[in-house]
Ligand SMILES: [Zn+2]
């Protein structure tokens, strides 16, 4: 009898992910729901009127209000991995994730709504794992702009309401699935305008860029080049940017080389949410174009 009760308890309550139907959370159906949600719509009209007369301000990866590094002199760093989604971006680098798990390396994963749609099962496997911090990379992987700027030929959002949707709808989508509202937003391509940075702050989200660019997104970059890109620029508090949506890139192969070398140097790895972040905003990094 006791076994039967335990069995039913397991069937009824311990069904990780099984209650979640990917269709309920797809960008299209989730947005349709949000567009009937009073709190989402009220916040949207508040944001739209707040920014109605705002200028976009500077456009770049390292503008005012964007954090890039951990405020520390200790040898701690954060590995961050983006999953961009969309055409040519919907993959899942399971080998890389397996490596992080085997080596117990905490990582912060920035995901788009699009990527979640294409890899729902993988996402359900990732978010309950405390090794991974899930953060926001935008609903549709559009660089956040209030007037249609673009970066690397990727069109940004074209209005205040579209920028709001890009950030806030993915905040709510991730929270609806995981129970956790992301604390950080990395704009697609990391380019963002100052108005979007202020908007994110109003939404309670910190915009994060990066300090160490691995270069894994440049197609066919050999692993030893990625390794040197990371190690040459390494310093206490660094935030490293890589990707986990392209198994064909050399990200995992490079990590296998990078991690042991960093450990020998005395570095340990942390989640972004566990540390204080800060901004460098040095002139040589500023890429403001307007
Ligand atoms: Zn991306």
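Descending by average beta-carbon neighbour count within 10 Å, the peptides 257-263, 219-225 line up as 257-263, 219-225, the highest first. A straight line joining the Cα centroids of segment 203-219 and segment 47-101 runs 4 Å. Between 251, 80, 72, the residue with the greatest mean-square fluctuation in the GNM of the chain (Cα pairs under 10 Å linked by springs) is 72. Calculated [222 nm] ellipticity per residue, helices only, for the chain: -10000 deg cm²/dmol; basis is -39500 (n - 2.57) per DSSP H run with n ≥ 4, divided by all residues, nearest 500. Note: segment 46-86, Cα convex hull, 161 Å³ per residue.
With a Förster radius of 35 Å applied to the C-beta separation of residue 74 and residue 36, the computed FRET efficiency comes to 0.15. Where is the GNM fluctuation largest for the chain (alpha-carbon springs, 10 angstrom cutoff): 97, 70, 146? Result: 97 has the largest fluctuation of those listed.
Hey, in the GNM for the chain with a 10 angstrom Cα cutoff, which one of 67, 274, 147 fluctuates hardest? Greatest mean-square fluctuation among the candidates belongs to 274. For segment 129-254, the C-alpha radius of gyration divided by 2.2 N^0.38 Å, with N the number of residues, is 1.12. The share of Cα pairs per 5 Å bin across the chain, counted from zero up to the longest distance, runs 1, 5, 12, 16, 18, 16, 13, 8, 5, 3, 1, 1, 0, 0, 0 percent.
Readers should treat all values here as calculations from the given coordinates under stated rules, not as data from a laboratory. What you see is a predicted model; the values in this text were computed from it and never measured. In this analysis, Cβ positions are derived from the backbone assuming ideal geometry, glycine residues included, and neighbour counts consider all displayed protein chains.
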